[in-house]
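Comments concern the structure below.
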């Protein structure tokens, strides 16, 4: 009877119910956040925030330019653009080379050859545990600046010159107005070649007969590209670097070709070796995570070691390693900012020089972080696209 | 007799197995044989050049003459006593830890002796050598005592406890010793000391920050989750050197004048940035650990009647943190390497000390020696930590479950 007459427990007052507590906590957090943001705005309002200073004359020159032709009379936006281009240049080359190095060393790390796998291990353990900045300074001041002076430049067959001013190598140079047309035609040839290769691959999959798809693809591309090259009147030549001399006969400078400066090379080497060591471990990990049966089955089919690696193991391992490798690409792009120490004029060096001259810290930093954010998002988007393609590919 | 008889066939076996090993591991086919020969040539060349440089060509006087700068930078004369007690405690703790939780192999002993010979040959002299020797003796005593001292289980448990407390207390003790009684301003810290302090303060402050951020990011309250996510992603988007420049140029104008916060030393500001930066990265590591936790854990804790705070601190965090210890050590290694970046703030850390010695007229052109030495110091610490991480990983059985 007593239990029956007990009235149902009244619902707790709103603020003590779990819903009410959630509301209270969130309201308090929002209040603190609002106060903090208000404080930041109050502080920031006392500073100059506009980007107007970026339109003014820059007033300093940039070394390490390629394609860009920035001069000190141009506006700061132009200087910034040149810096961004230099960042993209080093990041793009660095990503490609670091990936190649990482995959090669990752495979070497698992080589059945004891010496090779040991050497790869030593490479990883030495490079990964040394600060990148030390490596950049090392490449720059111990290796590249110790090369012979330009007056004693090492001459490799009259086409490549090595000195501590720059490494000069031959480079394509447009000769006629049709160079752009030829580049476009070559790209079209590439698309056609890829289509031919794809067709033959499908045929191979259907009939089981070898169709030599790669051979056909390369052949089609070479024939079409060469044909276009002749048809447009040989629009691109090779520009070979030459040394110039002053009156007394000592070497002064290079002319022609393309010059790879010690700053660019030091940053590139350091970034490639450093990032490569991390990619090595990622490649090793993803190869090891494959079931042993894959390698054994491939061996049972009579594939050689090279075929096992390139046709069976790596294609599968690549699928699992893309997210981790993407992270390393992002690190590489952020680490390129360390160039400020050796004076390769990329985005961060240019903008901190602008900051020194104009003294507008907050807008400049917003610009810097915004640019890196954009760059990282672009890399992530590209890699996500690749990841989706690879994940959905037929095996 | 019996032992000799047993040894005889073993030697024969060893030669045969050595030949088999060579055939199997170095000359299994033509490609591998060529690879082996090329690799041997490369290794011999590199090792020869390196040894020739280190032992014959190099002039290590630049290191010897600048050892004070390298160790403590522009630390004031007469204040060095502040540095030694932490060094002694560190030596003792390393000895105790090795004795309690590990064992020094013959190879390990050789490495330790080599490192000590290197340190005493190049870095310590006179009184300093004696003071450093105190640390070595303390460490050796700690190791031998715990390893061979036949301690009772109670004494062992006590020693373990003392060691843990010692590791936790090491950083506060160092900071207090450096700063008490007319202490040394942070702006005068330098050399290896500065790198060590930046890295340890960064990780010690970054760890709790990271846990809070990770909890915030996985919170069910959007008011907390969204700002925390924005903060973490923003920090991770920019390069550390940009954030350090922010500490130099922007932070002062945003600090309140309360407690003279707006006049903070650049070293302290760098520590703030390093902590926040490390915190953001640790948050992502811890979040991984939180997400890796089976749902049943929280549900079971709920069923036991624990409240939210209890579930987080007693059930979720201990397990999540345990699984991410190796990743946390990696983060510490990367922070240790990143302390070189304060170079950009004109702070006198190890790499900038190296750069500065090259401006001395006696040592122009000695960059190879200097940078090899600097690289070796950074590498040795980072490598030791990475071994530690691998060891912990093995003991926790992560990845094998």
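Worth pointing out:
- Positions within the range B:94-109 being exposed (fewer than 13 other Cβ atoms within 10 Å of the Cβ) and assigned to a loop (DSSP other than H, G, I, E, B), in sequence order: B:103, B:105
- Note on the range A:128-188: enclosed strands (runs of 3 or more DSSP E) holding 1 or more residues that are within 24 Å of the chain's Cα centre (by Cα) and surrounded by 18 or more Cβ atoms within 10 Å (Cβ to Cβ) are A:167-169.
- Breaking point among (1) within 14 Å of another protein chain (Cβ to nearest Cβ); (2) loosely packed, with under 14 Cβ neighbours inside 10 Å, for residue A:308: (2)
- Summed over the range B:358-376, the residues that are under 26 Å from residue B:201 (Cβ atoms) and more than 9 Å from chain A (Cβ to nearest Cβ) give a count of 1.
- Only residues that are within 15 Å of residue A:379 (Cα to Cα) and crowded, with 18+ Cβ neighbours inside 10 Å were counted in the range A:86-97, giving 6.
- The lone exception for residue B:233 - which of (1) more than 14 Å from chain A (Cβ to nearest Cβ); (2) closer than 23 Å to residue A:37 by Cα it fails: (1)
- Taking the listed residues B:238, B:191, the one that is within 13 Å of another protein chain (Cβ to nearest Cβ) and either free of Cβ contacts under 8 Å to residues at least 24 places away in the same chain or within 25 Å of residue B:73 (Cβ to Cβ) (or both) is B:238, with no other qualifying.
- If the condition is being farther than 15 Å from residue A:346 by Cβ and either crowded, with 16+ Cβ neighbours inside 10 Å or at pLDDT 85 or above (or both), then the range A:54-73 contributes A:54, A:58.
- Verdict on residue A:215 being within 27 Å of the chain's Cα centre (by Cα) and free of Cβ contacts under 8 Å to residues at least 40 places away in the same chain: no
- Restricting B:304, B:335, B:351, B:341 to residues that are within 14 Å of chain A (Cβ to nearest Cβ), farther than 25 Å from residue B:208 by Cβ and modelled with pLDDT of 85 or more narrows the list to B:351.
- Looking at A:79, A:28, just one residue is within 14 Å of another protein chain (Cβ to nearest Cβ), at pLDDT 85 or above, in a helix (DSSP H, G or I) and farther than 30 Å from residue A:287 by Cβ, and that residue is A:28.
- Close contacts from the range A:320-333, counting a first residue that is surrounded by 16 or more Cβ atoms within 10 Å (Cβ to Cβ) and a second that is outside any helix (DSSP H, G or I), with Cβ to Cβ under 7 Å and a gap of 6+ residues or different chains, come to A:320/A:289.
The values are calculated or read from the model by the stated rules, or taken from the named source; none is laboratory data. Keep in mind it's a predicted model, so treat the numbers as computed, not measured. Positions of Cβ are backbone-derived with ideal geometry, glycine not excepted, and every protein chain shown enters the neighbour counts.
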